[in-house]
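Encoded as structure tokens, the structure appears first; notes follow it.
The values are calculated or read from the model by the stated rules, or taken from the named source; none is laboratory data. Computed from a predicted model, the values in this text were never measured in an experiment. Reconstructed Cβ throughout: ideal geometry from the backbone, glycine too, with neighbour counts over all protein chains shown. Calculation scope for accessible area: heavy atoms of the full protein, side chains included, ligands and nucleic acids excluded. Shrake-Rupley method; radii C 1.70, N 1.55, O 1.52, S 1.80 Å.
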Amino acid sequence: MISQPRGRKLSREEAERVPHVVARPKARYAWSAGPATGRFLEELKEGRVLARRCNGCGRVLVPPRMFCERCFRPTDEWVYLPGTGTIQTYSISYIDTDANRIAKPILVGVLAFDGASEGCGIMHYFGEVAPEKLYIGMEVEPVWKPQAEREGAITDIKYFRPRRKEDRQ
Amino acid sequence: MKEVAVVGAGMTLFASRMMETGKELCWEAAKQALDEAGLSLQEIDAVIMGTAPDAFDGIHKKGENLLDGAGGANKPYMRVYTGGGTAVMTPIAGWWHIASGMFDTVLVVNEEKMSSARPHAQSVFAHIWDPILDRPLRPNLVWIFAMEMQRYMHKYNVRKEDIALVSVKNKRNAVDHPCAQLADPKITVEDVLNSEPMALPVRRLDISPPSDGASALVLASLDVAREICPDRIVTIDGVGWCIDTTMWTNRDLAFPKFLARAADQAYRMAGIKDPKKEIHIAEPYDPFNYKELQHMEGLLLCEPGEAAILTREGVTQRDGRLPVCPSGGLLGVGNPIAATMGIKVGEIYWQLARKAGKRQVRNDPVTGVCQAWGDLMQFSSVLVMRRR
Ligand SMILES: [Zn+2]
């Protein structure tokens, strides 16, 4: 049996009066992208989407990796993809990364790339489409930043938009 | 292999607990569990600690930081960590400490303090995403659940109205839980469907609230349990855990295969052939309402897509054929990640021991299952318990 618990929920004001120390850790990191994702990012700069094939299971993998986690062997070759894909799932987000409310929703989801193995893709934004028009199975294409602004990052693609012009806003 | 029993459990109020330190919360829960077991700390052979990412309260080596509150000083002591899955993973670690024959009594203590993060725990959650491919998109943790929920609803044709029923059931169940944070006896499906949009399809009342709290269990070998609590022998008969690839954008987001594997492992060990008939009560992990349904399916308690129908038919209510989350769950009691052990393992223990008080289910269950889920949405831990 649970005994009656001690303590209680404090209001925000009460919590601020509790003796406490506030600090911000001072730390910065440089995370390596590795040879596979690193080259993927370099190719994004050129406006190309790159995958990696594993001849063990025959999968074409995006994000690309230097070893196949299923076969547990090195992957074999680079494969260029057309960059188009299909929406696997999506969300219409009224909150930003810090949980602040936003008026214009962020459209985000997972897409599977054409030419990659089933369900293989990445998370990205969707744009030029009304939120209520999005659906699972929608065919999309990348909208790139101008070449001079690309920096070898996932954000070199601004967003993915519907391939069918009628679906665009 | 030695057989293992749960002989005591305890938990704190789940709420924003700025007053107490994590250590003090640990102590409160641990003391309760020891009192129920009728044991002193001196009679405990080893201690297991569970707590989720260090980043939440910005304290490194949290296991070390919480040590004294957990009663681990001068004992064999270790921290176990599998994200949200920690809630049911630490008892599994406790189980193998005893099953191996190494120890006779183990204290398991789980803690979480999410109120320390400023401005909001959400800002810290953003750090769990892949730093190269995901984080430059400035994601919010809720996105990943929203996308999973959308895929689940699409694949199995599940209605939002039925998913909302889970929030209603659990928040109403939580009214009878003394540690509850978000109990609501009057909540309706309309309240859930019309609550503030977060990342659609996820709305405010689809989510469990971040919280502070601690919970504890005392485990003992069956021989010791027969001596100290012959009136209530509740044993751990099956354990299982499994994790899928980190490549989450390559995964099937609709059906949790890793959970089905973990459940299958636990059921085989417990000698359960047909979980649909042989499991009488379940506490699946419910940080979001759709997760309860998806986890019932992953636990093989029904077919994929069927959990919503069982919920609509009232099967999963406290007086139903298969009570699910009779504690009130994370949705109703609160979600201090690792500490939810108290409403998963703790609740099944109290229910099987007929000590759940006002929350006691009607079908007098003999066999129950509980589960937790975590890491990057792809880990599950499963525990099968029985009354002897
Ligand atoms: Zn392979």
- Every residue from the range A:126-159 that is closer than 19 Å to residue A:37 by Cβ and either within 12 Å of chain B (Cβ to nearest Cβ) or in a strand (DSSP E or B) (or both): A:142, A:144, A:151, A:152, A:153, A:154, A:155, A:156, A:157
- Within the range B:159-184, the residues that are within 14 Å of chain A (Cβ to nearest Cβ), open to solvent by less than 40 Å² (accessible area, probe 1.4 Å) and under 23 Å from residue B:143 (Cβ atoms) are B:160
- Residue pairs qualifying under the 9 Å Cβ cut-off, at least six apart or on distinct chains, with the first in the range A:52-67 being within 19 Å of residue A:111 (Cα to Cα) and the second being near the ligand (Cβ under 9 Å from one of its atoms) and aliphatic (A, V, I, L, M), are A:52/A:61; A:53/A:61
- Message: Take residue B:52 and tell me if it is at pLDDT 95 or above, within 23 Å of the chain's Cα centre (by Cα) and of a type outside the set (Val, Ile, Thr).
- Response: no
- Message: For the structure I just gave you, tell me whether residue B:336 is open to solvent by less than 10 Å² (accessible area, probe 1.4 Å), closer than 30 Å to residue B:105 by Cα and not acidic (Asp, Glu).
- Response: yes
- Query: Just for strands (runs of 3 or more DSSP E) wholly inside the range B:185-298: which have at least 2 residues that are within 13 Å of chain A (Cβ to nearest Cβ) and closer than 18 Å to residue B:147 by Cα?
  - Reply: B:197-200
- Task: Determine whether the range A:63-85 contains at least one residue that is acidic (Asp, Glu), within 18 Å of residue A:158 (Cβ to Cβ) and facing another protein chain (nearest Cβ under 8 Å).
- Result: no
- Any residue at all in the range B:240-257 that is under 29 Å from residue B:99 (Cα atoms), open to solvent by less than 30 Å² (accessible area, probe 1.4 Å) and out of contact with any Lys or Arg (no Cβ under 7 Å at 6 or more places or on another chain)? yes
- Conditions (1) surrounded by fewer than 13 Cβ atoms within 10 Å (Cβ to Cβ); (2) more than 16 Å from the ligand (Cβ to nearest atom): number failed by residue A:40: (1)
- Item | Residues of the range B:137-152 satisfying the condition of being facing chain A (nearest Cβ under 7 Å) and closer than 11 Å to residue A:123 by Cα | B:137, B:139, B:143, B:147
- Query: Given the residues B:291, B:344, B:277, which is the only one that is of a type outside the set (S, T, N, Q) and surrounded by fewer than 19 Cβ atoms within 10 Å (Cβ to Cβ)?
  - Reply: B:277
- Item | Every residue from the range B:79-102 that is open to solvent by 30 Å² or more (accessible area, probe 1.4 Å) and in contact with a Leu (Cβ under 9 Å, 6 or more places away or on another chain) | B:79
- Query: Can you pull out the residues in the range B:299-319 that are assigned to a loop (DSSP other than H, G, I, E, B), touching a residue at least 40 places away in the same chain (Cβ under 8 Å) and not aliphatic (A, V, I, L, M)?
  - Reply: B:304, B:305, B:316, B:317, B:318, B:319
- Message: Testing residue A:35 on (1) touching a strand residue (DSSP E or B) at 6+ places or on another chain (Cβ under 9 Å); (2) within 30 Å of residue A:148 (Cβ to Cβ), one condition comes back false. Which one is that?
- Response: (1)
